[in-house]
Amino acid sequence: MSEKNYSVIKAELDAYLNDSVANKSILPSLLNASLTDLIDSLVSRINYVVHRVENLTISTGVVTIDLQSSNHFNLTLDENITIQYTNAPSTGYNGTYCVNVTNDSTGGYTISNGSNVVDVDGIADFNDGGDSEFQIWLYWNGSELIKNIVNL
């Protein structure tokens, strides 16, 4: 799969097609290569739509969510955690993510926000109250990650 991003491939394809139309000389092999790069780039962007489930781990009280690896996660909570993220979508893109949380038998843990994570209700910390299962819904609005907790 090509390492070029969508806008670079589209610009190259547009330039090639404009030049080829002007000269009445479209070379099928070059057109095929450009279209293949464009399709590969578009297919790689579909990752944000696919609901591939990834298991999250806690490392020294921190859960790091890679926003490019999936948009649906599972987490077993067995200590207080801080949520942070990596690999946010490019500016201009939005994304929705869901974390299914299952407590261990103790429960009552606190979920705190890392940098650029804000709560929909303005409450920065959340104590799950010992519920055995709940969901954390996250929305990337282009500049920050907005968190909302939903009890099941």
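Does residue 70 satisfy the criteria of being surrounded by fewer than 13 Cβ atoms within 10 Å (Cβ to Cβ) and under 12 Å from the mean Cα position of the chain (by Cα)? Even if it seems obvious, please write down each step before you answer.
Values: surrounded by fewer than 13 Cβ atoms within 10 Å (Cβ to Cβ): no; under 12 Å from the mean Cα position of the chain (by Cα): yes.
No.
Go through the residues of region 66-76 one by one and say whether even a single one is of a type in the set (A, V, I, L, M), touching a strand residue (DSSP E or B) at 6+ places or on another chain (Cβ under 9 Å) and either at pLDDT below 85 or assigned to a loop (DSSP other than H, G, I, E, B) (or both). Walk me through how you get there before you give the answer.
Of all residues in region 66-76, those of a type in the set (A, V, I, L, M) come to 67, 75.
Remaining after also requiring touching a strand residue (DSSP E or B) at 6+ places or on another chain (Cβ under 9 Å): 67, 75.
Of the ones still in play, those that are also either at pLDDT below 85 or assigned to a loop (DSSP other than H, G, I, E, B) (or both) are 67.
Yes: region 66-76 contains one or more residues that are of a type in the set (A, V, I, L, M), touching a strand residue (DSSP E or B) at 6+ places or on another chain (Cβ under 9 Å) and either at pLDDT below 85 or assigned to a loop (DSSP other than H, G, I, E, B) (or both).
Look through region 90-112, keep the residues that are crowded, with 16+ Cβ neighbours inside 10 Å and of a type outside the set (S, T, N, Q), and return whichever of them is farthest from residue 150 (Cα to Cα).
Selected residue: 95.
The values are calculated or read from the model by the stated rules, or taken from the named source; none is laboratory data. All figures in this text were calculated on a predicted structure; none of them were measured in a lab. Ideal geometry is used to build each Cβ from the backbone, glycine not excepted, and the neighbour counts take in all protein chains shown.
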